[in-house]
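Comments concern the structure below.
The values are calculated or read from the model by the stated rules, or taken from the named source; none is laboratory data. Just so you know, these numbers come straight off a predicted model, no measurement behind them. So basically every Cβ, Gly included, is an ideal-geometry build from the backbone, and we count neighbours across all protein chains shown. Only protein heavy atoms, including side chains, enter the accessible area calculation; ligands, DNA and RNA are left aside. Shrake-Rupley method; radii C 1.70, N 1.55, O 1.52, S 1.80 Å.
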Amino acid sequence: MASRILHAQLRHRRTTSSKLRPLHHLRTYRFFSSERFSGPSLQKPDVPDDSSNGSKLASPLASQDVPDDSSSSSSSSTLRLLELAKPQKKLLAGAFATLSLTSSVTLSFPFLVGKIIDSAIDNPTMVDPTYAAAGLFGMISAAGAGVVARQIFLTKAGENIVAELRSDLFRSVLRQDNSLFDQTRTGDIITRLTSDISLIQTALTTEILNATRAVLMSVGGVSFLLVTSPTLTLVSCLSLPPIFVSAKYFGKKIKALQTTVQSDLAKTTVKAEEVISQIKTVRSFNAESFEAEAYKSRTQTVRDRAIEAGVKGAYLDGTVHVAANAGLLCILAVGGNMLGVGGGTAVITPGELASFLMYSVFVAGNVSALSTVYGSLQKSTGAAERIFELIDQQPTIMTAAKGNGQPHDPLKNNDIVLKNVSFNYPTRQKYEVLSNLSLELPQGSHTAIVGSSGSGKSTISQILLRLYDVNSGSITIGGRSIRELPPETLRDLISVVQQEPVLFSSSIADNIRYGNLEASEEEVYEAAKSANVTDFAETFPDKLDTLVGEKGVQLSGGQKQRVAIARVLLRNSPIVIFDEATSALDAESEFLVTKAIEQIVEGRTVISIAHRLSTIRKAQQVAVIENGAVVEVGNVKDLINLEGGKFNELIQRQR
Ligand SMILES: Nc1ncnc2c1ncn2[C@@H]1O[C@H](COP(=O)(O)OP(=O)(O)OP(=O)(O)O)[C@@H](O)[C@H]1O
């Protein structure tokens with residue numbers, strides 16, 4: 001049973017939807033240092049350890065604004081795109097081989113039709129049109145088989161490239177600094193993982209092949225035109241100037257509009273994602289109409305720009321259509337005279353004129369296909385730049401850790417010492433959240449951190465986990481700076497129970513198992529029992545296999561909290577942080593959760609970020625935080641009785 005659940009969970013992880021899921025819960029994900037389960041990181045050059053200025057802002061992503069496609073970055077992106085196709089070279093070679101076959105058949109078709117017409121005119125008794133058609137049908141069937149094979153090769157190559165790129169990109173996302181997630185909306189990243197990658201897939205397979213076919217057919221077609229009649233070839237060139245002029249004029253406008261449409265569309269997706277994920281808040285404020293209107297107005301902007309681009313495209317198509325057909329009429333007029341109509345000398349046969357006309361249509365079609373391919377290749381270069389930007393983003397924390405991934409000496413103990421720590425969030429450079437903060441948390445002790453809202457209590461748990469690096473000062477565990485520990489090792493030492501625990505949309509058991517993916521079913525059950533999860537799970541028909549819904553919406557706040565505690569129990573880390581774990585609960589839930597918490601506290605270093613006296617009572621020491629600094633520290637009794645003290649003041653306010 002256990003292995004079934006584990007396999008189901010791992011299988012679940014492999015699917016795209018579950019790959020996207022952790023973006024919403026990235027902090028939870030990191031508390032459990034599960035990035036590593038997503039596989040090895042991409043190879044990155046080492047960056048120097050910059051311990052004096054850890055609180056760096058990850059370079060913001062260029063968001064959905066399509067980057068300036070300067071030719072150098074475009075060409076390097078194109079080269080990198082081609083690199084991605086390299087491992088699929090056998091499949092792509094197969095696709096090119098079948099393409100050559102189908103193109104040769106298509107190219108020889110007008111030539112053969114011309115020959116059949118001439119033979120039928122010259123020697124009507126010798127040529128049986130049925131046999132001729134049957135012969136051509138044989139050729140077409142061979143080409144058809146080539147088309148089938150090409151599609152199969154292309155689909156396989158395309159899907160392989162996409163799967164590889166998607167998982168590389170996702171790994172890269174998981175390695176990024178928190179500051180990147182603080183300033184980038186989830187929807188932006190999801191767009192890169194989905195539609196941008198699809199654009200690349202099309203570019204690397206279908207479009208490159210279309211381009212090759214168009215070039216082959218155009219070059220082959222023009223050669224046939226020249227061989228058949230250089231004079232008529234010159235005549236057919238008359239249609240080129242209006243086509244080129246209008247393609248340049250409209251093409252520029254269309255590209256600019258398409259770029260804006262792409263960027264506006266991405267913003268619309270981001271908005272939809274935000275509203276859907278916050279639907280309860282939207283409902284409770286009766287804001288459905290407001291949000292629907294806001295979304296409608298965004299989609300209308302997209303629609304208007306897309307129509308504008310479509311209209312420009314229609315003008316271009318119309319101009320090309322008239323110019324190309326006028327060219328054909330010129331060929332017909334001049335070619336008709338060349339047939340010797342009206343008594344002149346014939347310099348061309350009817351069959352040659354027919355094949356010339358067919359090749360002209362081919363060439364026109366393929367030249368215009370080349371411009372379409374060029375347009376979509378431009379689009380995918382933009383998408384590639386957005387993807388490479390994210391893959392190339394250098395996280396400061398993962399790579400700066402000395403000995404990251406290397407074995408390290410075991411820690412002497414789990415004493416935590418924060419010394420003169422100053423910190424600001426990278427997105428708010430000028431606002432110092434922690435200011436010269438010093439605090440000692442001996443191994444096995446229970447410390448309550450109290451203080452007014454916004455004083456910096458939760459921030460302490462974030463810097464202990466090294467979700468952010470501090471600007472100055474030091475944090476040590478067992479005498480070792482946390483910067484020297486691989487982040488995974490550090491995060492294995494610490495578990496956090498948050499005020500609003502985040503669950504994944506799988507079963508209760510799977511959510512508990514997140515604490516230790518190797519745990520047996522019995523261990524999961526034991527953890528569930530100790531955290532009073534079985535009390536409520538047993539009342540559901542599927543018991544621990546009950547699905548909890550997205551972010552655990554199908555459970556109450558207290559039930560979610562107990563699942564989160566069971567998860568931490570299973571994790572068995574020596575340091576546990578309760579970040580106001582019971583403050584959002586009613587009295588009965590608080591009682592049950594507190595009982596569950598008592599199971600964890602035993603024998604561990606505990607930090608309770610607390611508001612209420614009930615949570616604080618069991619702590620051995622209390623640290624009062626004010627404006628990011630410890631202003632009072634001592635045991636609960638002493639501080640309660642300290643007249644005029646900060647803690648005493650806080651308690652008085654609660655009474
Ligand atoms: N990711 C972030 N980016 C920028 N500023 C942040 C971020 N998280 C928190 N802050 C700011 O840091 C300050 C301290 O926040 P913190 O969450 O540590 O306070 P707290 O003492 O835990 O408050 P509360 O009791 O209300 O939870 C606040 O002013 C907050 O606005």
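Below are the figures for this structure:
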| quantity | calculated |
| --- | --- |
| Answer residue from the range 635-651, given it is free of Cβ contacts under 8 Å to residues at least 60 places away in the same chain and not in a loop (DSSP other than H, G, I, E, B) and is surrounded by the fewest Cβ atoms within 10 Å (Cβ to Cβ) among those | Lys637 |
| Any hit, the range 235-244, residues being aromatic (Phe, Trp, Tyr) and assigned to a helix (DSSP H, G or I) | yes |
| Ile449 being touching a helix residue (DSSP H, G or I) at 6+ places or on another chain (Cβ under 6 Å), within 16 Å of the ligand (Cβ to nearest atom) and in contact (Cβ under 8 Å) with a residue 40 or more places away in the chain | yes |
| Glu521 being surrounded by fewer than 18 Cβ atoms within 10 Å (Cβ to Cβ), under 27 Å from the mean Cα position of the chain (by Cα) and touching a residue at least 60 places away in the same chain (Cβ under 8 Å) | no |
| Count - residues of the range 452-463 that are more than 8 Å from the ligand (Cβ to nearest atom) and closer than 11 Å to Ile609 by Cβ | 1 |
| Count - residues of the range 406-441 that are part of a loop (DSSP other than H, G, I, E, B), more than 8 Å from the ligand (Cβ to nearest atom) and among the hydrophobic types (A, V, I, L, M, F, W, C) | 1 |
| Complete set of residues in the range 228-270 that are at pLDDT below 85, touching a helix residue (DSSP H, G or I) at 6+ places or on another chain (Cβ under 7 Å) and of a type in the set (Lys, Arg) | Lys255, Lys267 |
| Residue that is surrounded by 13 or more Cβ atoms within 10 Å (Cβ to Cβ), of a type in the set (D, E, K, R) and more than 19 Å from Leu370 (Cβ to Cβ), where the choices are Glu293, Glu288, Glu308 | Glu308 |
| Filter result (open to solvent by 50 Å² or more (accessible area, probe 1.4 Å) and assigned to a helix (DSSP H, G or I)) within the range 343-367 | Pro350, Glu352, Met358, Val361, Phe362, Val367 |
| The range 189-224: number of residues that are more than 21 Å from Leu154 (Cα to Cα) and open to solvent by less than 10 Å² (accessible area, probe 1.4 Å) | 3 |
| Given (1) within 25 Å of Leu225 (Cα to Cα); (2) without any contact (Cβ under 8 Å) to a residue 24 or more places away in the chain; (3) open to solvent by 80 Å² or more (accessible area, probe 1.4 Å), number of the condition Ala132 does not satisfy | (3) |
| Selection count where residues are of a type in the set (S, T, N, Q) and either under 46 Å from the mean Cα position of the chain (by Cα) or modelled with pLDDT of 80 or more (or both), scope the range 109-129 | 1 |
| Gly375, sole failed condition from (1) modelled with pLDDT under 90; (2) more than 25 Å from the chain's Cα centre (by Cα) | (2) |
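Residue-by-condition table, conditions (1) under 22 Å from Asp264 (Cα atoms); (2) touching an Asp or Glu at 6+ places or on another chain (Cβ under 7 Å); (3) acidic (Asp, Glu):
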position	(1), (2), (3)
Gly187	yes, yes, no
Asp196	yes, no, yes
Thr202	yes, no, no
Thr212	no, no, no
